[in-house]
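None of the figures in this text is laboratory data; all of them are computed from the coordinates on show. Being a predicted model, the structure only gives us computed values, none of them experimental. Neighbour counts are summed over all protein chains in view; Cβ atoms, including those assigned to glycine, are modelled from backbone coordinates with ideal geometry.
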Amino acid sequence: MIRGIYTSASGMLARELAQEVLANNIANVKTTGFKRDKVYFQGALDGISSAEGVLKVATDYREGPLIRTDNPLDLAIQGRGFFAVETPWGIRYTRDGHFSVNEEGVLVTTDGHPVLGEEGSIELDLSGGPPSVGEDGTVRVGDVVVGQLRIEDFEDLDSLRKEGNGLFRAYAEGRPAEGFRVRQGFLEGANVSPVEEMVRMLANYRAYEAGQRAIVAQDEALRKAVNEVGRYRG
């Protein structure tokens with residue numbers, strides 16, 4: 001009986017975590033390049049069936065929809081790969097291609113981190129006109145090539161960890177991405193379907209409620225058993 005209560009309580013804790021993950025996915029439905037997280041439960045395949053606890057939380061790296069902006073500094077990657085950026089904490093990776101040019105003429109992210117090319121940061125003199133970016137990541141101003149975007153991929157995407165603000169930290173060696181296309185004037189939207197996430201939240205909440213009911217029923221049965229045994233012995 002006690003073990004049953006413990007099992008139900010463990011399942012409820014897992015459902016609380018799942019609800020937080022699902023709520024975070026929905027909160028970032030408009031975040032450029034956001035990748036939704038999935039919760040895998042012990043003994044479950046789809047993250048909805050009841051189980052004793054969370055096996056792991058993993059990121060879904062499927063591509064989000066392309067959103068046309070016509071801004072020449074907005075870039076999206078079709079296919080596998082990440083933009084490499086320089087941060088105070090080292091090189092990080094992102095799918096958020098909403099870039100701009102800072103006062104020093106360096107291509108930077110929304111947070112001001114330099115976007116890396118094959119030979120370091122990319123400097124743009126916009127007095128020569130808006131830049132053009134080829135599908136292979138070649139950056140030109142007019143007819144002059146000013147850089148080649150450093151776009152990397154990872155054999156095991158589970159080696160990446162989210163750090164917030166659209167950045168990922170890599171715990172494995174990256175490699176040059178292959179088979180990608182850089183789309184200028186587009187941004188990648190979040191790979192989150194609000195309707196699907198709401199359905200998952202509802203199913204998850206119902207599983208949480210089922211755990212509550214199971215605990216109440218087991219507690220009541222335990223109370224009756226203790227009281228009845230007590231009267232019998234008396």
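Using unit Cβ charges (K, R positive; D, E negative) and no other charged atoms, how large, in debye to the nearest 20, is the dipole of the stretch 66-188 about its Cα centre? Don't skip to the answer; put the middle values down first.
Details: 12 positive and 23 negative charges, 71 e Å.
In total the dipole reaches around 340 debye.
Under 13 Å from the Cβ of residue 138, count the other residues' Cβ atoms, weight Lys and Arg +1, Asp and Glu -1, and hand me the total. The partial results should precede the final answer.
Numbers: positive: 140, 150, 181; negative: 118, 119, 135, 136, 143.
Charge balance near residue 138 sits at -2.
Let's see if you can work this out: charge +1 on each Lys and Arg Cβ, -1 on each Asp and Glu Cβ, no other charges. What is the dipole magnitude of the stretch 58-135 about its Cα centre, in debye to the nearest 20?
Values: 5 positive and 14 negative charges, 81 e Å.
Dipole of the stretch 58-135, to the nearest 20 debye: 380 debye.
What ranking do 93, 61 get, fewest neighbouring Cβ atoms within 10 angstrom at the top? Spell out each step's value before the answer.
Values: 93 23, 61 16.
Ranked by crowding around the Cβ, least crowded first: 61, 93.
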